Amino acid sequence: MTRRRDKAAVPVGNRRAAREFAFRVLFEASQGDIPLTLARSRAEGNMREGDDTHTPLSGEALSFAGELLDAMEQHRSEVDELLRRTIRGWSFETMAQTDLNVMRLAALEMVWLNAPHPPVIESAVRIARKYGGDDSGKFVNGVLASLSRAQDSAR
């Protein structure tokens, strides 16, 4: 067994890993045009079977990922509407789908789950850099910072 697999076998318990798991499930569902619940059960099954494409999550992290995905299922249309009002110069059809799905989860967490904005934005930028293009981190940061300012001024 390689060192990478040894390391991957240890369950990860942080929120960023949970956010990344939720992002991957959301991305798979949207790209495969399958229900979010099906993509989620597949990903959880793969993780439990030791598939190294999904980092094993601790029970707490998996619970948090589930909370994000449940909230996304409930608020998806509202999240999309909020992002449409926030993003300038891009439509959902023309922007990178990785960036869009990262921003969906971050917006959901910031607005509907009332999470502190800075750590959510930082985590989203890291995920965008990992899975997106060269400018994904900057783009996601700009959109989410704009959303954060708008939310702060609305309070």
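Computed with a 1.4 Å probe over protein heavy atoms only, the accessible surface of the chain comes to 55 Å² per residue. Directionally averaged projected area (the stretch 77-155, Cα convex hull): 4.7 nm². Summing Cβ point charges (Lys, Arg +1; Asp, Glu -1) relative to the Cα centre of the chain gives a dipole of roughly 480 debye. Full extension of the chain between Ala154 and Asp33 yields a length gain of 40.1 nm, computed as 0.36 nm times the residue separation minus the alpha carbon distance.
Net length available on complete extension from Glu122 to Asp51 is 22.8 nm, with 0.36 nm assigned per residue and the Cα-Cα distance removed. Computed from the alpha carbon positions, the gyration tensor of the stretch 14-77 leads to an equivalent ellipsoid with semi-axes of 18, 14, 9 Å, biggest first.
When you have a sec, figure out the Kirkwood radius of the chain from all distinct Cα pair distances and drop it here in Å to one decimal? One over the average 1/r among Cα pairs gives 15.9 Å for the chain. Solvent exposure of Val111, expressed as accessible area, is near 30 Å², computed with a probe of 1.4 Å over the protein chains only. Each label point was placed 7 Å from the Cα along the Cα-to-Cβ direction; for Ser77 and Lys130 their separation is 3.2 nm. For the stretch 126-154 versus the stretch 93-115, the inter-centroid distance based on Cα atoms is 9 Å. Model label sites at Asp70 and Arg85, defined 7 Å from Cα along the beta-carbon direction, differ in position by 2.7 nm. Each label was represented as a point 7 Å from its Cα along the Cα-to-Cβ direction; for Asn141 and Thr94 these points are 2.4 nm apart. When you restrict to C-alpha pairs under 8 Å that are six or more residues apart and normalise by the size of the chain, the relative contact order lands at 22 percent.
Scaled to the globular estimate 2.2 N^0.38 Å, the Cα spread of the stretch 67-111, given as radius of gyration, is 1.09.
The values are calculated or read from the model by the stated rules, or taken from the named source; none is laboratory data. Keep in mind the model is a prediction, meaning the values are calculated, not measured. Virtual Cβ from ideal backbone geometry, glycine too; neighbours counted across all protein chains shown. The area values use the complete protein model at the heavy-atom level, side chains included, leaving out ligands, DNA and RNA. Shrake-Rupley method; radii C 1.70, N 1.55, O 1.52, S 1.80 Å.
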